[in-house]
Amino acid sequence: MTFKKILIAPFIFLVRAYQLLISPLTPATCRYSPTCSAYTLEALKKHGLFKGGWLSAKRIFSCHPWGGKGYDPVP
């Protein structure tokens, strides 16, 4: 297992736990495609903890009625 995978493993676990335990209990309101949790998983796997975490935080904080919407893939 590489160092990058070891660093992101706890965060991937948290996002997957959210997807399985919390997300099904709330209405589907994500303004983006892919959803913010799927975007976070992809960003962490593709860019690592720091850049992927930054991209994910920017995405989550822009998810409000005056933020963006639509298709927004991980760069």
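The values are calculated or read from the model by the stated rules, or taken from the named source; none is laboratory data. The structure displayed is predicted, hence computed values, not measured ones. Cβ placement follows ideal geometry from the backbone for every residue including glycine, while neighbour counts extend to all protein chains displayed. These area figures cover heavy atoms from the full protein model, side chains too; ligands, DNA and RNA do not enter into them. Shrake-Rupley method; radii C 1.70, N 1.55, O 1.52, S 1.80 Å.
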TODO: Please go through the range 49-73 and pick out each residue that is open to solvent by less than 100 Å² (accessible area, probe 1.4 Å) and either on the phi > 0 side of the Ramachandran plot or of a type in the set (D, E, K, R) (or both).
DONE: Arg59, Gly70, Asp72
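What about Ile12, is it modelled with pLDDT under 95 and of a type in the set (A, V, I, L, M)? First the steps, then the outcome.
Working: modelled with pLDDT under 95: no; of a type in the set (A, V, I, L, M): yes.
Answer is no for this residue.
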Open item on the list: Restricting to the range 18-60, give me the number of residues that are of a type in the set (D, E, K, R) and over 23 Å from Leu7 (Cα atoms).
Closed with: 1
TODO: Could you please tell me which pairs satisfy a Cβ distance under 8 Å, a separation of 6+ or placement on different chains, a first residue in the range 42-55 that is under 14 Å from Pro10 (Cβ atoms), and a second residue that is crowded, with 16+ Cβ neighbours inside 10 Å and among the aromatic types (Phe, Trp, Tyr)?
DONE: Leu44/Phe11; Leu49/Phe11; Gly53/Phe11
Open item on the list: As an exercise: evaluate Cys63 against (1) touching a residue at least 24 places away in the same chain (Cβ under 8 Å); (2) out of contact with any Asp or Glu (no Cβ under 7 Å at 6 or more places or on another chain); (3) under 28 Å from Phe3 (Cβ atoms) and give the number of the one condition it does not meet.
Closed with: (3)
- [ ] Take the residues in the range 17-44 that are modelled with pLDDT of 95 or more and open to solvent by 100 Å² or more (accessible area, probe 1.4 Å), then tell me which one is nearest to Val74 (Cα to Cα).
- [x] Leu20
